[in-house]
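Report on the following structure.
The values are calculated or read from the model by the stated rules, or taken from the named source; none is laboratory data. Since the structure is predicted, the reported quantities are computational estimates derived from the model, not experimental observations. Here Cβ is always computed from backbone atoms with ideal geometry, including for glycine, and neighbour counts include all displayed protein chains. Surface accessibility is based on the protein's heavy atoms, side chains included, excluding ligands, DNA and RNA. Shrake-Rupley method; radii C 1.70, N 1.55, O 1.52, S 1.80 Å.
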Amino acid sequence: MIEARNIHFTYPNGVEALSGVSVEVKTGEFMAIMGQNGAGKTTLVKHINGLLKPTKGEVLVNGTSTKKVSVAKLSREVGFVFQNPDHQLFCETVEEEVAFALRNFNFSKQLIKKRVTWALNLLSLTQYRQTSPFMLSGGERKRVALASVLAWNPDIVILDEPTIGQDHQQKEKLRQFIVQLNTQGKTVIIVTHDVEFVAECNPRVALMVQGKILADGPANKILTNRDLVAQASIVPPQISQIFFELSDQDLPQDIINVYDARDVIIKRLEAST
Amino acid sequence: MSVFEGFKFRRVYSPIHQLDPRVKFFYVLAIFVIAIMFNQLLPLILLFLIQLPFVFIAGVQREWIRSLRGALLFATMIFVFNFVFTYFWTEYPLLPSPSLLEHSIAMTLRFIVLVESFSVFFLTTSPDHLGLALEQSHVPYEFCFAFTTAVRFVPVLAEEAQTIMDAQKARGLELERGNFIKKVKNYIPVLIPLIVSAIRRSLELAEAMESRAWGATKKRTNLYVLRMKRGDYVLILISATILILAAYFWIFYREQIPLLSSLLIPLRLAAA
Ligand SMILES: Nc1ncnc2c1ncn2[C@@H]1O[C@H](COP(=O)(O)OP(=O)(O)O)[C@@H](O)[C@H]1O
Ligand SMILES: [Mg+2]
């Protein structure tokens, strides 16, 4: 359970990146934080593992204020995967890279070995075990970064812009993977402005604009609300645009993915024949 | 970070910002030479005060104070070393005395004066102007470009270092943990990604530049050309005057510059 209580945050250079954000994420929930560049999404999620501490207000993770514990301690519960894997890869082999955090958390030797094997397998990286992470492709590096965080099995997983620079196939795999994590009971928070990606996952969506949360609710309600979406400078999902153009046909307006759209259209076709 | 801020140029306008960088550099050099010439407290205090008007005319007090604060650690070290070593090497045979104290303060102030002048220079000179000045001083363009690019990328690198530190902290890295050796080692996971990404970035930059025909024209012209204006001549005059005065005192009165502590004693006697 994550609770942000009216938090404000100002960077040392005077930029107020968060101005009064309150949000509550329950254990096992799947949430997407969306909004244009500079809206404060990254700043907000960096508060959850304590990398940033609010200048006003407080953030509670499982009941403990982030001001009271170190980032290292919080990270045991909150796994944070950064946008750019090149900002963290530094070891000689993929195996070492995945073991890095486990060593920091003082896992035993056997346990480290077990967890590394598990994480590499989970992300289909076993064949690269002894390869240098710098020799891998962009998508593979991203997976190594993800494996290096999932290895310690945190309860909360935060992914900052996971889809950037990924091709369609990788995105699809990532989506399935995220959904799988969530069904295993993990709290998953993704930061993204990839609407189509969010539309297919249909999570809870929070829209951010200029350091504030503009709207919060199920994806098919938020992403089909033209006003909200326009205010957050997001283009609605293509399916939703089609249904908007067909609004004189008396079709439901809260459709955002292909499968629901198919059902609705077939039903309509059957009714008209 | 705060030390960087103390030298980082911000685009504001003031008479000092408008000055020709070559002239400003001459001024910094003059201050530098004088600060090295004298090791007594009195002239160094004067040197410190002389620069204050520049800081205020340029309106960079805040950043300037930050650069001084950044220099504080080094300044303290210089003071302690001077105090301790001069005492043990007994050039001043007496125990910790006012004159020894004054000497240590003077050495510290010399360092601060140097930091002060360089800080004013970098705070008020845009990297573009600096590159232009180098070019017009007939430095090969490749070097000027490398120089301006390097200066440009300092803030980018600083920001990137911060992100990398965050990313590694999120994987349980504790930078402050352990003894001195361990602490240095803790920075390896930060330095490697930083260096790798800097190299990658520079290769990308080189490719991008070559694909836009960098270096195709041998004879380059500039849209802006630095020209000396009235203010520039005034600053040259000021710098030269200070330099000449300093040289004059150094040649003829070097030995007679009084210690401030010795000036205070008659004062105290008179008061008594
Ligand atoms: N390290 C930093 N120092 C100063 N300002 C920052 C820093 N990081 C982000 N900002 C500013 O804070 C605001 C929010 O940034 P961020 O949280 O990164 O937005 P988003 O992730 O939604 O694109 C932006 O205006 C950005 O310029
Ligand atoms: Mg961001």
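A few notes on this one:
- Residues in segment A:177-205 that are within 14 Å of ligand 2 (Cβ to nearest atom) and either of a type in the set (A, V, I, L, M, F, W, C) or touching a residue at least 60 places away in the same chain (Cβ under 8 Å) (or both): A:Ile189, A:Ile190, A:Val191, A:Thr192, A:His193.
- Looking only at segment B:62-101, residues that are open to solvent by less than 60 Å² (accessible area, probe 1.4 Å), at pLDDT 85 or above and more than 14 Å from B:Phe118 (Cα to Cα) come to 2 in all.
- Scanning segment B:170-190 for residues that are within 13 Å of chain A (Cβ to nearest Cβ) and open to solvent by 90 Å² or more (accessible area, probe 1.4 Å) yields a count of 3.
- Single condition A:Val116 does not satisfy, out of (1) surrounded by fewer than 18 Cβ atoms within 10 Å (Cβ to Cβ); (2) within 14 Å of another protein chain (Cβ to nearest Cβ); (3) not hydroxyl-bearing (Ser, Thr, Tyr): (1)
- Any hit, segment A:242-250, residues being crowded, with 18+ Cβ neighbours inside 10 Å and either outside the structural domain of A:Val61 (by TED's automatic domain parsing) or in a helix (DSSP H, G or I) (or both): yes
- Exactly one residue out of B:Ala167, B:Ala158, B:Ala208 is more than 23 Å from A:Phe80 (Cβ to Cβ) and open to solvent by less than 70 Å² (accessible area, probe 1.4 Å), and it is B:Ala208.
- Strands (runs of 3 or more DSSP E) fully within segment A:4-117 counting 3 or more residues that are more than 16 Å from ligand 1 (Cβ to nearest atom): A:16-25, A:56-61
- For segment B:123-140, the set of residues classified as surrounded by fewer than 19 Cβ atoms within 10 Å (Cβ to Cβ), modelled with pLDDT of 85 or more and of a type outside the set (Ser, Thr, Tyr) consists of B:Gln136, B:His138, B:Val139, B:Pro140, listed by residue number.
- Only one entry of A:Glu58, A:Glu92, A:Glu77, A:Glu97 meets the criterion of being out of contact with any strand residue (DSSP E or B) (no Cβ under 8 Å at 6 or more places or on another chain), surrounded by 15 or more Cβ atoms within 10 Å (Cβ to Cβ) and of a type outside the set (Gly, Ala, Ser), and that entry is A:Glu97.
- Of A:Ala39, A:Ala32, all but one fail to be open to solvent by less than 10 Å² (accessible area, probe 1.4 Å) and either of a type in the set (Phe, Trp, Tyr) or within 10 Å of ligand 2 (Cβ to nearest atom) (or both); the exception is A:Ala39.
- Of all residues in segment B:228-257, those that are modelled with pLDDT of 85 or more and open to solvent by 60 Å² or more (accessible area, probe 1.4 Å) total 15.
- Residue that is nearest to A:Leu122 (Cα to Cα), among those in segment A:139-164 that are within 16 Å of ligand 2 (Cβ to nearest atom) and within 11 Å of chain B (Cβ to nearest Cβ): A:Ala145
- Filter pass, A:Val179 being open to solvent by 30 Å² or more (accessible area, probe 1.4 Å), in a helix (DSSP H, G or I) and either modelled with pLDDT of 90 or more or within 16 Å of ligand 1 (Cβ to nearest atom) (or both): yes
- Some residue of segment B:199-221 being within 16 Å of ligand 1 (Cβ to nearest atom), more than 30 Å from B:Gln18 (Cα to Cα) and either out of contact with any Ser or Thr (no Cβ under 6 Å at 6 or more places or on another chain) or within 14 Å of chain A (Cβ to nearest Cβ) (or both): no
- Search result, residues across segment A:64-113 that are within 18 Å of A:Leu136 (Cα to Cα), more than 8 Å from chain B (Cβ to nearest Cβ) and acidic (Asp, Glu): A:Glu92, A:Glu95, A:Glu96, A:Glu97
- Note on segment B:148-189: residues that are over 20 Å from A:Ala151 (Cα atoms) and out of contact with any Leu (no Cβ under 8 Å at 6 or more places or on another chain) amount to 21.
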